[in-house]
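Notes follow once the structure below has been shown.
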Amino acid sequence: MTRFLVKRIGMMIVTLFLIALLTFVLMHAVPGGPFTSDKQVSKAVMDALNEKYKLNDPLWKQFLDYMRGLVRFDLGPSFKYQGKTVNDFISNGLPYSAKLGAITLVFVLCASIPMGIISALRNGKWQDMLVMALATVGVTIPSFVIATGLIYFFSFKLGWTPVYGVDKWQGYILPVIAMGGYSVSFLARLMRSSLLDVMGQDYIRTARAKGISETRVILKHALRNALIPVITVLGPTVANLLTGSFVIEKIFAIPGMGGYFVNSVTQRDYTTIMGMTVFYAAFLIAMVFIVDLFYCLIDPRIKYD
Amino acid sequence: MVMEPILEVRDLHTSFLTSNGEVQAVRGVSFDVEKGKTLGIVGESGSGKSVTSLSILQLLGVTGKVTAGSIRLGGEELTTKSRKEMRAIRGERIAMIFQDPMTSLNPLIPLGDQVGEMLWEHHRKMSKEERREKVLELFRMVRIPEPEKRMKSYPHEFSGGMRQRVMIAMALACRPDLLIADEPTTALDVSIQDQILKLMRSLQKEMGMSIMFITHDLGVVAELCDRVAVMYGGLIMEEADIIDIFQRPMHPYTLGLMASIPDMNQDKGKLLQPIPGSPPDMIHPPKGCPFAPRCPYAMRICTEEMPPCVATGETRRSMCWLLDPEAPAEGNPLKQRKEGIA
């Protein structure tokens, strides 16, 4: 186990390094820079700015400087907002994104898994058709369309929820549904097909031949086996939800991380692009790692050594 | 001595509803399993032998249904039982072991717990400690080495033969009256097959249970069974005591099955004779004898009318037009034999 952990963490660091390198190279490969703008700036000012932010250094040196900061968890100053650091952006935005994400995650799990189970157990009946119809809608319609529709009905027509903001708890309802819609649909489908597959397995027939109740067959023998594929996709889903969705945050005016990320790209704010990308990547890698550890607990066939 | 049957099946019909139509998997099957004896049910894939066994336990799934007939266990009718009543019978009075031990055990549950669940279901009063002891005893009974340690193992840590032993331990946990074994050795190596058959035979002696043994392997039947029913196209073609059937098969299909078994003493130049053709389509079963299209002795009447089931001895019966008094004696394998021996 220790060997596995050391190896795995080593691989995570290498992955993260490669992501940082790739982002850095791509970012600099695009013409222009953080101080390119419509307004003409004198050459002297431009040189001074480039000098200040060390943009005149050779690229490899800039990258090394960045990595030096990264290992100390210092993501550097923003090139665009005076006196702000990328760490500030993350610590400002993350609580909003993470809170919305956590609520969405709970909603996704509480909705998708029971939906998938009902659908599988009522295979071909109206319950199944209803769930699958909802799931198809959820997967195919983009979240901003769902969000707009929800705002139109629940905020504008019925007035039950605020149009934007999360000052009141009701403010979370619509963004959670709009953001979780896709994941709910996707996981419900996965849960359904996985459970249907498991219910056709020989060991389920063995369990039934023992004379145990159908409820016990499902709870004790089928569900745990059926959850394995669902847990596989849960890692990326958790990371996705917790780091926020730019679109949803924009529509509902939630000051999360997504806004900073998109602004940084349009403004060529080098350090912020790097910082956000690396942070998101690290989060994703960590979640996948946690899911892999969970596997061990649920499936005795998986041994890490 | 008149034997008392533990299981009486009469005119059993089982169908599956599929999108292509009704598959008539079993079309009127009758047989008895006597107390402490072993009945072999032999036939190729699709002959309806597994469906017959699943019908007895009502484990046909959502699409399958017993459409007619009667199944009596110790005189008690099973086909009219409620789901809950059926559950009390499964495992407790009729237990079943399946073909593939690699997939028949839950991969996520320790083997001791899977065996223990059988006891938990049917003996709720048993304490946890008693149950553990009993599982240990069962593991020893099926000769699993180091049972204390092996109880905590998972299926993937066991070989096929060992898993089948666990299946047997599970099936016998409640000392059932009848054990249905659906091709329990088919997925195993030949040497392991032999061990499992010997184990089953010794356990049968010890516990006095009846066995319904489903297989396509006549060799296994010869080793284990007292009586044999040969199934084809959802019907029992011939049923007889083991010695009788091997000495004097009374149906062309049985003859064909025997000709397709390799024999150690046979001339190496002589080829095995497979039965040409394939089993009938059970959505539109033939109105005559289902074996007629593949039967080398088929007559015109065979494809037109179902042959009657006739007694071919005191304890045997067969379903074939060749046995009809009006059937020609010339080139008739059943009549020649009968007269030759008589």
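Of the listed requirements (1) among the aliphatic types (A, V, I, L, M); (2) loosely packed, with under 13 Cβ neighbours inside 10 Å; (3) touching a residue at least 12 places away in the same chain (Cβ under 8 Å), A:Leu158 misses just one: (3). Do we have any residue at all in segment B:68-78 that's more than 9 Å from chain A (Cβ to nearest Cβ) and over 26 Å from A:Glu214 (Cβ atoms)? Yes: segment B:68-78 contains one or more residues that are more than 9 Å from chain A (Cβ to nearest Cβ) and over 26 Å from A:Glu214 (Cβ atoms).
Residue pairs whose Cβ atoms lie under 7 Å apart, separated by 6 or more positions or on different chains, with the first residue in segment B:90-114 and facing another protein chain (nearest Cβ under 8 Å) and the second of a type in the set (Phe, Trp, Tyr) and surrounded by 19 or more Cβ atoms within 10 Å (Cβ to Cβ), are B:Thr103/A:Tyr203; B:Ser104/A:Tyr203; B:Ser104/B:Phe98; B:Leu105/A:Tyr203; B:Asn106/A:Tyr203. In segment B:220-245, of all residues being in contact with a strand residue (DSSP E or B) (Cβ under 6 Å, 6 or more places away or on another chain), small (Gly, Ala, Ser) and not in a loop (DSSP other than H, G, I, E, B), the one that is nearest to B:Ala181 (Cα to Cα) corresponds to B:Ala229.
Residues in segment B:262-318 that are among the hydroxyl-bearing types (Ser, Thr, Tyr), surrounded by 16 or more Cβ atoms within 10 Å (Cβ to Cβ) and part of a loop (DSSP other than H, G, I, E, B): B:Tyr297 only.
In the condition set (1) over 30 Å from B:Ala173 (Cβ atoms); (2) part of a helix (DSSP H, G or I); (3) touching a residue at least 60 places away in the same chain (Cβ under 8 Å), A:Leu227 is compliant with all but (1). Please determine whether any residue of segment A:115-136 is in contact with a helix residue (DSSP H, G or I) (Cβ under 7 Å, 6 or more places away or on another chain) and part of a loop (DSSP other than H, G, I, E, B). Yes, segment A:115-136 has at least one match. In the condition set (1) closer than 25 Å to B:Thr52 by Cβ; (2) within 10 Å of chain A (Cβ to nearest Cβ); (3) not polar (S, T, N, Q), B:Ile168 is compliant with all but (2).
Residues are listed down the side, and each one gets a yes or a no for (1) farther than 30 Å from A:Lys54 by Cβ; (2) in contact with a strand residue (DSSP E or B) (Cβ under 9 Å, 6 or more places away or on another chain); (3) modelled with pLDDT of 90 or more:
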{"position": "A:Gln201", "(1), (2), (3)": "yes, no, yes"}
{"position": "A:Ser213", "(1), (2), (3)": "yes, no, yes"}
{"position": "A:Lys250", "(1), (2), (3)": "yes, no, no"}
{"position": "A:Leu284", "(1), (2), (3)": "no, no, no"}
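If you check A:Arg189, A:Arg224 for being modelled with pLDDT of 85 or more and within 13 Å of chain B (Cβ to nearest Cβ), only one passes: A:Arg224.
The residue that is farthest from the chain's Cα centre (by Cα), counting only those in segment B:198-219 that are buried (at least 18 other Cβ atoms within 10 Å of the Cβ) and farther than 30 Å from B:Trp321 by Cβ, is B:Leu203.
The values are calculated or read from the model by the stated rules, or taken from the named source; none is laboratory data. Model, not experiment: these values are computed from the prediction. Cβ coordinates were reconstructed from backbone atoms using ideal geometry, including for glycine residues, and neighbour counts include every protein chain displayed.
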